[in-house]
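The block underneath contains the structure these notes are about, expressed in structure tokens.
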Amino acid sequence: MARRNQRTYCLNRPDFMAAAIEQAQYAAARGEVPIGAVIAGNGSILSAAGNRTRELSDPTAHAEILAIRDACRQLGTERLTGYDLYVTLEPCAMCAGAISFARLRRLYFGAEDDKGGAVVNGTRFFSSPICHHAPEVYSGLRELETARMLKSFFKDRR
């Protein structure tokens, strides 16, 4: 039943995960780990980004962080209350912290990351007593596609 509700939601609303996947593809084309993120609200995209850690020589230039920074800059605020984040891979601890501090309403992600994820794996940041705000979390959106993209990227580099 949950799957039917998830599909209905996707059919009635823009496919923001498709936009996040597109950002991940752009990141891969730049030689970055293919992770993309989109911040959406009111039925439209506010910001979108892909990983740029190598390009910017910045270990904090994860897709989620870049999308949050851009959205906050556009709105002129440090809070993104009422906005949702779509990302192709389960966020790490750094990104989970930024999501919490930005007060994002919902987090949707594709593939789980059993090595570096901090939402449903690892530290499970949003369940931690140090977490100030926990968004609603929805995992597994286009999971097979996002996981396949990451596996292919790393396979090609071995």
**Report entry** Apportionment of accessible area to carbon and sulfur, the chain, percent (1.4 Å)
**Finding:** 51
**Report entry** Amide H partners (placed H, <5 Å) of TYR138, local residues excluded
**Finding:** LEU107, TYR108, PHE109
Query raised in the report: Which of the listed residues, SER100, MET149, ALA111, is farthest toward the dipole's positive end in the stretch 83-158, when Lys, Arg count +1 and Asp, Glu count -1 at the beta-carbon?
Result: MET149
Query raised in the report: Amide H to amide H under 5 Å from VAL119: which residues, 5+ apart in sequence or cross-chain, H placed 1.01 Å off N in plane?
Result: ARG124, PHE125
Report task. As a check on your grasp of the helix formula, calculate [θ] at 222 nm for the chain: sum -39500 (n - 2.57) over DSSP H runs of n ≥ 4, divide by the residue count, round to the nearest 500. Result -> -13000 deg cm²/dmol
Query raised in the report: Which percent, nearest 5, of DSSP beta bridges in the chain are antiparallel?
Result: 55
Query raised in the report: Residues with beta-carbon under 15 Å from that of ALA102, excluding ALA102: net charge, scoring Lys, Arg +1 and Asp, Glu -1?
Result: +1
Report summary line: Whole-Hz Karplus couplings 3J(HN,Hα) for the stretch 61-70, θ = phi - 60° and coefficients 6.51, -1.76, 1.60, Gly and Pro as x, run 7, 6, 3, 4, 5, 4, 5, 5, 4, 5
Query - Under Karplus coefficients 6.51, -1.76 and 1.60, residue-wise ³J(HN,Hα) of the stretch 121-127 in Hz, glycine/proline x - result: 10, x, 6, 6, 3, 5, 9
Report task. Determine the dipole magnitude for the stretch 48-128: charges of +1 sit on the beta-carbon of Lys and Arg, -1 on that of Asp and Glu, nothing else is charged, the reference point is the Cα centre, and the result goes in debye to the nearest 20. Result -> 260
Report task. Quick one: net charge around ALA71, please, counting Lys, Arg +1 and Asp, Glu -1 for every other residue with C-beta under 13 Å from its C-beta. Result -> +1
Query raised in the report: Which three extents, in whole angstrom, do the alpha-carbon atoms of the stretch 38-158 cover along their principal axes, largest first?
Result: 42, 31, 29
Report summary line: Here FRET efficiency (C-beta to C-beta, MET94 to ILE45, R₀ 30 Å, nearest 0.05) is 0.85
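The values are calculated or read from the model by the stated rules, or taken from the named source; none is laboratory data. Please read these numbers as outputs of a predicted model, since none were measured by experiment. Quick reminder, even Gly has a Cβ in these numbers, built from the backbone with ideal geometry, and neighbours come from all protein chains shown. Remember, those area values only see protein heavy atoms, side chains included, never the ligands or the DNA or RNA. Shrake-Rupley method; radii C 1.70, N 1.55, O 1.52, S 1.80 Å.
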